[in-house]
Amino acid sequence: MRFQAPRGTQDVLPSDSYKWLHLEATFRDLVSLYGYEEIRTPTFEDTELFTRTAGETSDIVTKQMYSFLDKGDRSITLKPEGTAPAIRALIQHNLCPPGTVTRLSYITPVFRYERPQKGRFREPHQFGLELVGSSAATADAEVIEVTVRFFEAAGVPDLFVLLNSIGREACRQGYSEAILRFTASFMADQPEEFRAKVNKNPLRFLDSKDEAIQVLLKELPPISEFWEEDTRARFDRVQKLLTAAEVPYRLAPEIVRGLDYYTETVFEVHSSYLGSQSALCGGGRYDNLIKELGGSDLPSVGVGIGVERTLMVVEEVGKNPQVPAPDVFIVAAGAEAFEACHAMARELRNGRLKTLMDLEPRSMKAQLRQADKAGVRFAAILGEDEMAKGVVQVRDLLKGEQHEVPSVGVVDWLKTR
RNA sequence: GCGGGUGUAGCUCAGGGGUUAGAGCGCCUCACUGUGGCUGAGGAGGCCGUGGGUUCGAGACCCAUCAUCCGCCCCA
């Protein structure tokens, strides 16, 4: 009880660890079907990149960044999300020359200095996809579809996509002005700091939980009335593609995403099982990000998936993958057979059978109880009598049957079951 | 960053100033000396989160601190 984990981290049980690895494998398998290649960790987990991530790509208050001074008094900020670092790696290593299309995936921890609560940690993990180099609506739809297929494969029930388009600069400019007009009376009473924040990105008002704001915005026309013609065309096309792919989606004009590098398509995936704990993932198109980070003028669309939240939903509905039980438990009938049991364990493991054995030659009752607890199907019992006869008693713990099997044939016998 | 709840056995929790801190589940042993699950009996396991304070006496009350959970904020 004296050990206390660092704030905002989780105690991870062995079974949780297995679920995590299983989800990771599900993600890798699924996205590889669509041609996404994984960026390995060392490629983009560079401290300097973290540092720049904080200032350049986000105007979100820095108190949510995980910042500290290192031993050289440099200000270090741990990366708060995966997209910008992945895009930096892409620029740095020229992974997407103009004229080509590149599909990247990554699995990475991210860090946020927030008050931890359920479903929100200081070191959460993110699965991410970046589809770079295409401005086609099919790219938007592909990223959304892959994301949904992943959640389906992971066992997330009742999922649906919330879809919106926030248009291009002119559209957002016009809409922002409209929002500020509608909320002028509210803003007048607000502190200077708040006004400065909102003026920077008035779209954030749309998903505000403040009732006064929501009342004022009741008469606000939807953003679709500010769309330019090509935005509308893309949005229609994306919807058609999603329908064809049988991806369940709803239009959600209130979804604007927090970062200002998004353009046009934005989406989230929700599950009705998650309740108020927000979305499982967030994504969309960001056609200006690569240029802003110093790369070519490349269009891009991507998604970041919250690993812990996904696991929470899967856990909630009891669709956890179970750790596979061992195949055999070796029971030493009498201390004299203990060494021979070890030899048999080596033999079974050489035959690729997952084999357990008690560490001490305890009573058979205790050993069999261990076997039962471990969930194994077979107990292989070896004592002096069996050694003399050159056999092993193999007990089927499920059926309660017991078979006498020649020692030399045990591996084969077990493998054919 | 703001407000609130909770820290007692491996787990879930009871005990709300007064002997030696409890229950259920789990674990171990025995009944059954070479056969699991069921039953019964017995047993092990506690810096009562940590530090300070009040008191004759603190697991309990007060302060601080750490952890954790729930709102808010925020959500890449």
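What to note about this one:
- Within the span defined as the stretch A:298-307, every residue fails to be touching a Lys or Arg at 6+ places or on another chain (Cβ under 8 Å), in a loop (DSSP other than H, G, I, E, B) and modelled with pLDDT under 85.
- Residue match in the stretch A:146-158 (condition: hydrophobic (A, V, I, L, M, F, W, C), surrounded by fewer than 22 Cβ atoms within 10 Å (Cβ to Cβ) and more than 20 Å from the chain's Cα centre (by Cα)): no
- Within the stretch A:224-268, being acidic (Asp, Glu) and in contact with a strand residue (DSSP E or B) (Cβ under 7 Å, 6 or more places away or on another chain) holds for A:GLU264, A:GLU268.
- Any hit, the stretch A:320-342, residues being among the charged types (D, E, K, R), surrounded by fewer than 16 Cβ atoms within 10 Å (Cβ to Cβ), more than 13 Å from RNA strand B (Cβ to nearest atom) and over 26 Å from the mean Cα position of the chain (by Cα): yes
- Every condition in (1) under 28 Å from A:ILE87 (Cβ atoms); (2) away from RNA strand B (no atom under 15 Å from the Cβ); (3) buried (at least 21 other Cβ atoms within 10 Å of the Cβ) holds for A:LEU280 except the one numbered (2).
- Condition check for A:LEU353: surrounded by 12 or more Cβ atoms within 10 Å (Cβ to Cβ), more than 13 Å from RNA strand B (Cβ to nearest atom) and part of a helix (DSSP H, G or I): no
- One residue stands out in the stretch A:87-103 among those that are aliphatic (A, V, I, L, M) and surrounded by fewer than 24 Cβ atoms within 10 Å (Cβ to Cβ): the one that is nearest to A:GLY304 (Cα to Cα), namely A:ALA89.
- Qualifying residue in the stretch A:378-400 (condition: of a type in the set (Gly, Ala, Ser), in a helix (DSSP H, G or I), surrounded by 12 or more Cβ atoms within 10 Å (Cβ to Cβ) and touching a strand residue (DSSP E or B) at 6+ places or on another chain (Cβ under 6 Å)): no
- Check on A:ARG309, within 30 Å of A:TYR36 (Cβ to Cβ) and either within 15 Å of RNA strand B (Cβ to nearest atom) or not aliphatic (A, V, I, L, M) (or both): yes
- All conditions in (1) touching a strand residue (DSSP E or B) at 6+ places or on another chain (Cβ under 7 Å); (2) within 15 Å of RNA strand B (Cβ to nearest atom) hold for A:ALA366, with the sole exception of (1).
- Verdict on A:ARG122 being of a type in the set (Lys, Arg), touching a residue at least 12 places away in the same chain (Cβ under 8 Å) and part of a strand (DSSP E or B): no
- Checked against the criterion of being at pLDDT below 95 and aliphatic (A, V, I, L, M), the candidates A:ALA380, A:ALA366 yield just one match: A:ALA366.
The values are calculated or read from the model by the stated rules, or taken from the named source; none is laboratory data. All figures in this text were calculated on a predicted structure; none of them were measured in a lab. Neighbour counts run over all protein chains shown; Cβ positions are idealised from the backbone, glycine included.
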